[in-house]
Amino acid sequence: MKNEFKILFIILLLLWQPLSAAARITITVDRRQIIQPDFKGFNAVYNAFCYMPEAQEEGMDDRLRAVEFQRVSRSGLQIARTFYRPDWAMGHGYWSRPDWQSRRMKALYKWLAAMRQRHIKVGLNMGWWFSRDVIWRHDQHLPVYPEDINHYAAWVSESLGQIIETRGFTNVKYIFMFTEPGTKMGSLPGNWRQWPYYVKVLKAVDKRLRADGRRRLIKIVGPDTSRGRGWLKRAAVELNKVIDIYSAHSYRPRNYKEWLELAREIKTETTATGKPFWLDEYGAPDLKLRRKALYGNLIAQANAAFLNAGAQATFLWMFNDQYYPYPLQYFSNKDDFTDGLHKWGLFPWLPTSRAVRPAWYVYTMLGRLLGGRPARQVYKTENNPQLHAAATGRAHELNILLVNSSSKRLDFRLKVRGWAGTGLYSYLYNPQALNSWRPGKGIIPRHWVLFPVGGALKASIPARGVMVYSTKRQNLTGPPLLVSGEGVNLSSGKQVKVKASSRVSGHPAANLIDDHRLSYWRAGDNDRQPWFIIDLGKVYWLKRAEVCPRLDRRKEIGAGFPAAYTIETSLNGSTWQEAAAETNIQHLTAGVRGLSFAPRLARYVRFTGTIASGSTALEISELRLYGAAQEEKK
């Protein structure tokens, strides 16, 4: 009987082994077949805002700018695409004599200098909204058409003259012609339609640049459309003598297959021109998703698809959370704008937290391993419906990206044709492991792996994992990960309540927690000891507060701000502990007043102010609170 069991066991073992081998996925990289000879990297929309007055008003300073620039350097970013509009030089009037030494232009120059120092190329968006930024600062076009276009074309040319020729920012290499110009933003002259007018504007810009001898300075990127085939197909026919690089995007794709279809559609519409194409934006329009480790996997899926379709460059929307300047200052909408802060980045607004979101590590892994200078070649790969691959390299360098889009671990065999190396470094981003991550623990482990000569490397990748095999030896350690609640204003949301010692009609205490700086709370005129208490709804680890002065009108900036105040915390709403205080406050500006303190558990926060001399009542716009969920302590 025992012999029969042994024979049965051996038969089962023999049957199981081929089944196991058959279940192992085979991925092949062929270095002999190049699908993109000049890949320019994993780039991002990273706006030149950190020196702007709005950014400084919200707490940005030289110390935090140094942190931001260090992250730019460490990310592998090659090209930064930035917002740029006529008002930075023209002010708020109609087309007039530009001031190239305006405060906003100086802020741009400082940012450009920082990018040049770090060898980052720049693409300027020559206006953002079409046609609003062509008819600059007036509702109707000039009576004598096409005077608006002439003014706009002159501004584009003079901008490049001042930025590149006069000030030497030769790292400005590209200009993007608006953003989603198919979405009407502004009036059109006479009986003009959106597309014909766009063609007219681009041809006028090209003509003016050639007349001024500046066309050679830059490459024109367009049409930056989300309208798909219609605009791209027309551009390839009507604007091919103007556009150097075709670009388009869509926020509808949610997986590798859909991103691949999008990129192939762009390629199909522009292949006949012989010119490269870029994915000028991509990302997931879901704030909660972007804060999760899964978003890193989606970024990798998107870029694997873009590489395999032959894209020359990709641009993530966006590099970091940023406060926008006028006219989006204090702007809020459903696209994750809150009071001017656009929350699409790989890390939050630096004055509130120096930690990063998990996807930061995937983005930097791609940029530093598969990207880099000089430009890389992209090789053909054979993919699997669940395990997606892409590869880059040059000379003896090789970098292979593997992305598991399934919810289970996958075993695979990796073959490389046309490469004689004996080993590679492996790097792994494991979203599941991040759920138990603690400070001090490596996020992207690195291992040396021997590669069988003429054979195949056998390994496995965890569910939703992102893996890179590379000849590069890189240390991918970086900033700490955000924990639950960190980088988020905890004093806003449906669960938060507030009560105050008094109020004035039209300016209730609820304005303190509405995440909008143009509203404010005003205490009663007879309230000589004004206070308010915020109930966060549950206990958090608190470590920072920001007190925001009133600024709804220029002449009213800082009106009613206290001469002194105290911030206290409590677990039960009755026993209080002082967290921070300020006294003898003078020369108030619109800037937030940030106060850090030793982390402590608290549910309630009490603010008590002393009315300033000359004020009739205390007025505060917002009290923002930052920290982390109770189960996490930073």
Conditions (1) of a type in the set (Phe, Trp, Tyr); (2) part of a helix (DSSP H, G or I); (3) open to solvent by 60 Å² or more (accessible area, probe 1.4 Å); number of the one not met by residue 195: (3)
Members of region 238-272 that are open to solvent by 20 Å² or more (accessible area, probe 1.4 Å) and more than 20 Å from residue 304 (Cβ to Cβ): 238, 240, 241, 244, 269, 271, 272
Qualifying residue in region 596-607 (condition: surrounded by 15 or more Cβ atoms within 10 Å (Cβ to Cβ) and outside any strand (DSSP E or B)): no
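Looking at the structure I just gave you, is residue 422 open to solvent by 20 Å² or more (accessible area, probe 1.4 Å), out of contact with any Asp or Glu (no Cβ under 9 Å at 6 or more places or on another chain) and of a type outside the set (A, V, I, L, M)? Give the steps one after another, and end with the answer.
Details: open to solvent by 20 Å² or more (accessible area, probe 1.4 Å): yes; out of contact with any Asp or Glu (no Cβ under 9 Å at 6 or more places or on another chain): yes; of a type outside the set (A, V, I, L, M): yes.
Answer is yes for this residue.
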Test for residue 414: is it modelled with pLDDT of 90 or more, buried (at least 21 other Cβ atoms within 10 Å of the Cβ) and over 20 Å from residue 363 (Cα atoms): yes
Long-range neighbours under 9 Å by Cβ, at least six apart or interchain, first residue acidic (Asp, Glu) within region 489-506, second at pLDDT 95 or above and surrounded by fewer than 18 Cβ atoms within 10 Å (Cβ to Cβ): none
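Yes or no, residue by residue, for (1) modelled with pLDDT under 90; (2) open to solvent by 30 Å² or more (accessible area, probe 1.4 Å); (3) of a type in the set (Lys, Arg):
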position	(1), (2), (3)
327	yes, yes, no
351	no, no, no
363	no, no, no
368	no, yes, yes
380	no, yes, yes
388	no, no, no
Among the residues listed as 147, 158, the single one being open to solvent by 60 Å² or more (accessible area, probe 1.4 Å), acidic (Asp, Glu) and modelled with pLDDT under 95: 147
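For residue 289, indicate whether it is farther than 19 Å from residue 346 by Cβ and either modelled with pLDDT of 95 or more or not β-branched (Val, Ile, Thr) (or both). Can you show your working first?
Numbers: farther than 19 Å from residue 346 by Cβ: no; either modelled with pLDDT of 95 or more or not β-branched (Val, Ile, Thr) (or both): yes.
Spelling it out, it is not the case that residue 289 is farther than 19 Å from residue 346 by Cβ and either modelled with pLDDT of 95 or more or not β-branched (Val, Ile, Thr) (or both).
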Residues of region 341-397 classified as under 30 Å from residue 596 (Cα atoms) and in a loop (DSSP other than H, G, I, E, B), total: 15
Matching residues in region 329-349 - criterion: being of a type in the set (Asp, Glu) and either buried (at least 17 other Cβ atoms within 10 Å of the Cβ) or within 21 Å of residue 542 (Cβ to Cβ) (or both): 339
Of all residues in region 588-608 being touching a Phe, Trp or Tyr at 6+ places or on another chain (Cβ under 6 Å) and over 23 Å from residue 500 (Cα atoms), the one that is modelled with the lowest pLDDT: 588
Matching residues, region 161-178, being under 17 Å from residue 219 (Cβ atoms) and either open to solvent by 40 Å² or more (accessible area, probe 1.4 Å) or part of a loop (DSSP other than H, G, I, E, B) (or both): 165, 169, 170, 171, 173, 177, 178
Residue count for region 113-129, restricted to those that are open to solvent by less than 10 Å² (accessible area, probe 1.4 Å) and on the phi > 0 side of the Ramachandran plot: 1
Which numbered condition residue 470 fails, given (1) closer than 30 Å to residue 256 by Cβ; (2) of a type in the set (S, T, N, Q); (3) out of contact with any helix residue (DSSP H, G or I) (no Cβ under 8 Å at 6 or more places or on another chain): (3)
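Report, by residue number, each residue of region 52-100 that is surrounded by fewer than 15 Cβ atoms within 10 Å (Cβ to Cβ) and within 25 Å of residue 479 (Cα to Cα).
Let us first name the residues in region 52-100 that are surrounded by fewer than 15 Cβ atoms within 10 Å (Cβ to Cβ), namely 61-63, 66-67, 70, 73, 92-94, 96-97, 99.
Passing the criteria: 61, 62, 63, 66, 67, 70, 73.
The values are calculated or read from the model by the stated rules, or taken from the named source; none is laboratory data. Worth saying up front: this structure is predicted, and the values here are computed from it rather than measured. Neighbour counts run over all protein chains shown; Cβ positions are idealised from the backbone, glycine included. Note: areas computed on protein heavy atoms with side chains; ligands, DNA, RNA excluded. Shrake-Rupley method; radii C 1.70, N 1.55, O 1.52, S 1.80 Å.
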